[in-house]
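Shown next, in structure tokens, is the structure this report addresses.
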Amino acid sequence: MSANGSFEAMRPRDAQRAVSPAAASFALSIRSADFGDSPSLASLMGQLGYPTREEEMTARLEGLLPREDHLVAVAVLEGRVAGVVAAAVGVCLEKNGRRGRVTALIVTENLRGRGIGAHLLGHAESWLRARGAAACTVNTSTRRARAHRFYEREGYRVTGLRFEKSLD
Ligand SMILES: CC(C)(COP(=O)(O)OP(=O)(O)OC[C@H]1O[C@@H](n2cnc3c(N)ncnc32)[C@H](O)[C@@H]1OP(=O)(O)O)[C@@H](O)C(=O)NCCC(=O)NCCS
């Protein structure tokens, strides 16, 4: 099913996930984002369909980077940012324990299909698991059919719909 909705991880995955031959053939590192990443992250948001100016991204990072319940991590390939993942951990009213959410995942357009997205997602899952999250959810738009396939391949299943209403 590739309907609009929330994806939830079906099972815990090992922090050390399988590395595809394509991914293994280049040196990829993942580190916490910092303010110097603002231009790259603004560009990635544009690729996701959310045009963002550098100063807007800096303001968002000012809100997110100090928070211990939020992760913003970047994948670096040959010294350049190749992708980003953001995640949050927290409690909710309807279930016990802590729950995780992946709030953003983007790989640079010309570097997709090489395993970078899987590595970033695995990094976020490990970060969430280390903070006691029992499950991970991700929201994605109806139109992102390829991302739906990606999440399903990574062990997520569709569990619901997302509704949105502008409050402007
Ligand atoms: C979804 C996304 C993060 C996956 O990252 P990635 O580095 O391409 O992922 P991987 O290489 O680990 O896996 C690729 C798989 O994801 C799927 N995929 C999704 N979008 C893809 C794209 N643009 N190019 C290639 N594969 C894509 C394919 O089914 C592919 O499967 P395959 O390897 O069996 O062919 C990345 O394609 C992306 O940034 N897409 C645009 C932004 C987006 O939709 N983000 C999710 C919003 S919640």
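Annotations for the structure displayed:
- Pair list, Cβ < 9 Å and 6+ apart or interchain, from region 108-129 residues that are within 14 Å of SER40 (Cβ to Cβ) and hydroxyl-bearing (Ser, Thr, Tyr) to residues that are assigned to a helix (DSSP H, G or I) and near the ligand (Cβ under 7 Å from one of its atoms): THR108/GLN47; THR108/ILE116
- Filtered residues of region 114-139 (kept if in a strand (DSSP E or B) and of a type in the set (A, V, I, L, M, F, W, C)): ALA133, ALA134, ALA135, CYS136, VAL138
- Residue within region 91-110 that is modelled with pLDDT of 95 or more, in a helix (DSSP H, G or I) and surrounded by fewer than 21 Cβ atoms within 10 Å (Cβ to Cβ) present: yes
- All positions within region 140-159 that are in a strand (DSSP E or B) and either among the small types (Gly, Ala, Ser) or more than 9 Å from the ligand (Cβ to nearest atom) (or both): TYR156, ARG157, VAL158, THR159
- Here VAL81 does not qualify as of a type in the set (Val, Ile, Thr), within 10 Å of the ligand (Cβ to nearest atom), modelled with pLDDT of 95 or more and in contact with a strand residue (DSSP E or B) (Cβ under 6 Å, 6 or more places away or on another chain).
- When region 99-127 is limited to residues that are among the charged types (D, E, K, R) and closer than 16 Å to LEU48 by Cα, the one that is nearest to the ligand (Cβ to nearest atom) turns out to be ARG112.
- Residue check, THR140 more than 15 Å from ALA33 (Cβ to Cβ) and among the hydroxyl-bearing types (Ser, Thr, Tyr): yes
- Sole residue being within 12 Å of the ligand (Cβ to nearest atom) and either at pLDDT 95 or above or surrounded by fewer than 21 Cβ atoms within 10 Å (Cβ to Cβ) (or both), chosen from ALA130, ALA86, ALA135: ALA86
- Evaluation of GLU68 against (1) in a loop (DSSP other than H, G, I, E, B); (2) closer than 18 Å to VAL138 by Cα; (3) at pLDDT 95 or above (one fails), failing number: (2)
- Matching residues, region 30-72, being closer than 21 Å to GLU109 by Cβ, of a type outside the set (Gly, Ala, Ser) and loosely packed, with under 12 Cβ neighbours inside 10 Å: PRO51
- Extreme residue, nearest to ARG101 (Cα to Cα), among residues of region 143-166 that are loosely packed, with under 15 Cβ neighbours inside 10 Å and in contact with a helix residue (DSSP H, G or I) (Cβ under 9 Å, 6 or more places away or on another chain): ARG157
The values are calculated or read from the model by the stated rules, or taken from the named source; none is laboratory data. All of these numbers come straight from a predicted model, not from anything done at the bench. Cβ sites come from the backbone with ideal geometry, for glycine too, and all protein chains shown count toward neighbours.
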